[in-house]
1. List every residue pair whose Cβ atoms lie under 7 Å apart, where the two residues are 6 or more positions apart in sequence or sit on different chains, the first residue falls within region 48-69 and is aromatic (Phe, Trp, Tyr), and the second residue, located anywhere, is open to solvent by 100 Å² or more (accessible area, probe 1.4 Å).
2. Yes or no: Gly9 outside any loop (DSSP other than H, G, I, E, B) and touching a strand residue (DSSP E or B) at 6+ places or on another chain (Cβ under 9 Å)?
3. Taking only region 30-69 into account, find how many residues are closer than 13 Å to Glu11 by Cβ and either basic (Lys, Arg) or assigned to a loop (DSSP other than H, G, I, E, B) (or both).
4. Scan region 16-67 for residues that are open to solvent by less than 70 Å² (accessible area, probe 1.4 Å), of a type in the set (D, E, K, R) and more than 13 Å from the chain's Cα centre (by Cα) and jot them down.
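The values are calculated or read from the model by the stated rules, or taken from the named source; none is laboratory data. As the structure is a computational prediction, the values presented were derived from the model and not from experiment. Positions of Cβ are backbone-derived with ideal geometry, glycine not excepted, and every protein chain shown enters the neighbour counts. When the accessible area is computed, the model is the full protein with side chains, heavy atoms only, and any ligands, DNA or RNA have been set aside. Shrake-Rupley method; radii C 1.70, N 1.55, O 1.52, S 1.80 Å.
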Amino acid sequence: SALRQDQTGCEVRLYINAVCDGDTLDNDASAYIEAPVSILGFSFSVSPEEVITATVNFTLSGQPTHFSF
């Protein structure tokens, strides 16, 4: 019930090969896929022995807007 019904504008960028220039990500030199998505659900996991992890379930809601390798 926490997810918005209208998720227009929600996008994801999945990096295949992220290239950094110091502390800055260089999108021109990186390989990635960018596409609109609909978020189906999410969850968080916290334990004293490990880092905080999050899982996001999504599906593509349209054609990729950027596709480079």
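1. Phe58/Leu40
2. When the stated conditions are applied, Gly9 does not pass them.
3. Residues in region 30-69 being closer than 13 Å to Glu11 by Cβ and either basic (Lys, Arg) or assigned to a loop (DSSP other than H, G, I, E, B) (or both): 5 in total.
4. Across region 16-67, the qualifying residue is only Asp26.
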